[in-house]
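Here the structure comes first, spelled out in structure tokens, and everything after it is commentary.
Derivation of every value follows stated rules applied to the coordinates shown; laboratory data play no part. Every value quoted in this text rests on a predicted model; they were computed, and no experiment measured them. Note: ideal-geometry Cβ built from the backbone for every residue, glycine included; neighbour counts use all protein chains shown.
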Amino acid sequence: MTIIKVLIADDQTLMREGLKTIIDLEEDMEVVATAEDGQEAIEKMNEFEPNLILMDIKMPNMNGIESLKKIKKVNSEMRIVILTTFAEDDFIIEGLACGADGFLLKDMNYDQLINSIREAASGQLMLPTVIASKLAKRLSKFNSVIENEINVDKLKKLGIRLSEREKEVAALIVKGFSNRKIAKQLFISEGTVKNYISEIYSKLGVKDRAQAIVYLKELQLK
């Protein structure tokens, strides 16, 4: 039987110890270490080599998202599931963009928690219904942004055809998003964003971001 070695990172002692007690009751799971903040989580990961990390978001010294980024940078295979008491859009987007393998709500029941850990350890992306709903609404809102910011019909009349991803990037450019923010919004790397932007500039016949924004906004006014 394969044992799932778990590291718990949470600044609340009761939460850490409570999760440890619950998880250690399972024959196929073992909490190999606990940590009080993101930096300690990195240190304990290197020392105890867990299969999966349960990572709280709000912690002192280094929060869960920053710790997630650093861990994934050096060990992209490490399974990291974010623990949260709230389903806030920005945390969902940033966490997923940085490689989180799912989210677990701290108030979920025992069976849900244990099953979710097993599924996350096996490679499944864990998104509770309330969080999946938040993400769906965010994406729906983003689709309306594209329609409002990019006049696709007018671009076609000018002989300019953007791919679906280029439309998404162009819409965010018009909204003033930086490359970093665009990358987080679309779950892609900044390097990939730069490549899309270069292609958009080429198709629009512009040389920089300012010209692209002016060009696209003028289309909306005509």
For the pair Asp28 and Leu14, the simple spin-label estimate (label points 7 Å beyond Cα toward Cβ) gives in nm 3.2 nm
Ascending count of other beta-carbon atoms within 10 Å, so fewest first, for Ile188, Ile42, Ile117: Ile188, Ile42, Ile117
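How much FRET efficiency would the formula 1/(1 + (r/R0)^6) give for Ser198 and Gln124, where r is the Cβ-Cβ distance and R0 is 30 Å, rounded to 0.05? Present the calculation step by step, with values, prior to reporting the outcome.
On the way: r = 36 Å, r/R0 = 1.19.
Once the sixth-power term is evaluated, E becomes 0.25.
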Can you give the calculated 222 nm mean residue ellipticity of the chain, where each DSSP H run of n ≥ 4 adds -39,500 (n - 2.57) and the sum is split over every residue, rounded to the nearest 500 deg cm²/dmol? -18000 deg cm²/dmol
Along the positive direction of the dipole of region 160-222 (beta-carbon charges: Lys, Arg +1; Asp, Glu -1; about the Cα centre), which of Gly191, Val206, Leu216 reaches farthest? Leu216
For region 1-61, average projected area of the Cα convex hull in nm²: 3.8 nm²
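Output the peptides 18-31, 94-107 sorted from most to least packed, where packing is the average of other Cβ atoms within 10 Å over each peptide's residues.
Working: 18-31: 14.7, 94-107: 19.6.
Packing order, densest peptide first, comes out as 94-107, 18-31.
Taking only the Cα atoms of region 150-221, how large is their convex hull per residue, in Å³? Intermediate values should be presented prior to the final figure.
Values: hull volume 5.4 nm³, N = 72.
In region 150-221, the Cα convex hull volume per residue is 75 Å³.
Once a ≥ b ≥ c are taken as the square roots of the eigenvalues of the Cα gyration tensor of region 4-133, is the result rounded (a/c under 1.5), prolate (a/b larger than b/c) or oblate (a/b not larger than b/c)?
Taking the square roots of the gyration eigenvalues as a ≥ b ≥ c, region 4-133 is rounded.
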Normalised contact order of region 4-133, rounded percent, pairs of Cα under 8 Å and 6 or more residues apart: 21 percent
Neighbour-count ranking for Arg118, Arg161 (other C-beta within 10 angstrom, fewest to most) reads Arg161, Arg118
Please list the equivalent ellipsoid semi-axes of the chain, computed as the square roots of five times the alpha-carbon gyration tensor eigenvalues, in descending order and whole angstrom. 42, 17, 14
Can you tell me the FRET efficiency between Asp111 and Val152 if r is taken as the Cβ-Cβ distance and R0 is 41 Å, rounded to the nearest 0.05? 0.30
Scoring the chain by relative contact order with C-alpha pairs under 8 Å, at least six apart, yields a percentage of 14 percent
